[in-house]
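Taking it in order: structure first as structure tokens, then the write-up.
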Amino acid sequence: MADPPEPLPSEPDVDDVTRAVLIASRLLVAVSVRSLATVQDRVTLPQFRLLKALSAQGGAKLVSLAERLGVNPSTATRMVDRLIAAGLAERGVNPGNRRESVLRLTEEGRTLVADVSAARRREITSIVQRLAPEQRTALVDALTAFTEAGGERPMPGDDGEPYPLGWSDTAIPLH
């Protein structure tokens, strides 16, 4: 008598996929937190988000930054004031409209963003290198589909990194 055929692997249901994504998101958040550990005495995670947004835009008006980060302008003002006091950002005159001010990173702010981003990239690279090539391919396909389903787009800028920790230029205000 022949052996019964092997059962086909069942496809994961939505709960299985959700659980796997939540576990992976904990890892990614932990990587982000560890990348900030060397500068935690200088900036908080929300302040780093603002620095990263300024880095991507090269300069921005306060209202635009607040909208992009999904915070009230008064919250953004307090964050910017602290970053200016720390020497990481500066206010300048908008060359397109001299009545407006524009926020920019200082050289020190650009260095901080680059260092934290590089630390995050190194740790993620280390994790990805432990995957077999076919797992890397599957991961790229799965993460691409996931981010597209969530409406996430690549961030404008030289490094091509997505918006860190889930904010985008279409952020929903949290008022």
Scanning the stretch 91-107 residue by residue, those at pLDDT 95 or above and farther than 16 Å from R49 by Cα turn out to be E107
Determine whether V113 is aliphatic (A, V, I, L, M) and either at pLDDT 95 or above or under 24 Å from R34 (Cβ atoms) (or both). yes
Give all pairs with beta carbons closer than 8 Å in which a residue from the stretch 63-78 that is within 15 Å of T44 (Cα to Cα) and modelled with pLDDT under 90 meets a residue that is in a helix (DSSP H, G or I) and open to solvent by 20 Å² or more (accessible area, probe 1.4 Å); count only pairs at least 6 apart in sequence or on separate chains. L69/P46; L69/R49
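Conditions tested, residue by residue: (1) at pLDDT 95 or above; (2) under 23 Å from L54 (Cα atoms); (3) over 15 Å from the mean Cα position of the chain (by Cα); (4) outside any loop (DSSP other than H, G, I, E, B).
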| residue | (1), (2), (3), (4) |
| --- | --- |
| I127 | yes, no, yes, yes |
| A145 | no, no, yes, yes |
| G157 | no, yes, no, no |
| P173 | no, yes, yes, no |
Test result for R82, of a type in the set (K, R), open to solvent by 60 Å² or more (accessible area, probe 1.4 Å) and touching a Lys or Arg at 6+ places or on another chain (Cβ under 9 Å): no
Scanning the stretch 89-113 for residues that are touching a residue at least 40 places away in the same chain (Cβ under 8 Å) and assigned to a helix (DSSP H, G or I), the one nearest to the chain's Cα centre (by Cα) turns out to be V113
Residues of the stretch 19-32 being hydrophobic (A, V, I, L, M, F, W, C) and either open to solvent by 70 Å² or more (accessible area, probe 1.4 Å) or within 21 Å of D115 (Cβ to Cβ) (or both), which ones? L22, I23, L27, L28, V29, A30, V31
Of all residues in the stretch 33-70, which are of a type in the set (V, I, T) and under 16 Å from the mean Cα position of the chain (by Cα)? V33, V43, T44
G58 on the phi > 0 side of the Ramachandran plot and not hydrophobic (A, V, I, L, M, F, W, C): yes
Please state which one of T38, T111 is β-branched (V, I, T), within 26 Å of E123 (Cα to Cα) and out of contact with any helix residue (DSSP H, G or I) (no Cβ under 8 Å at 6 or more places or on another chain). T111
Members of the stretch 33-85 that are under 15 Å from D115 (Cβ atoms), not in a helix (DSSP H, G or I) and not polar (S, T, N, Q): D41, R42, V43
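Checking the conditions here, which among E108, E100, E123 is open to solvent by 20 Å² or more (accessible area, probe 1.4 Å), over 25 Å from R26 (Cβ atoms), in contact with a Lys or Arg (Cβ under 8 Å, 6 or more places away or on another chain) and not aliphatic (A, V, I, L, M)?
Result: E100 is the single residue among E108, E100, E123 that is open to solvent by 20 Å² or more (accessible area, probe 1.4 Å), over 25 Å from R26 (Cβ atoms), in contact with a Lys or Arg (Cβ under 8 Å, 6 or more places away or on another chain) and not aliphatic (A, V, I, L, M).
The values are calculated or read from the model by the stated rules, or taken from the named source; none is laboratory data. Please read all numbers here as calculations on a predicted model, not as lab measurements. Neighbour counts are summed over all protein chains in view; Cβ atoms, including those assigned to glycine, are modelled from backbone coordinates with ideal geometry. Note: accessible area is taken over every heavy atom of the protein model, side chains too, but ligands, DNA and RNA are not part of it. Shrake-Rupley method; radii C 1.70, N 1.55, O 1.52, S 1.80 Å.
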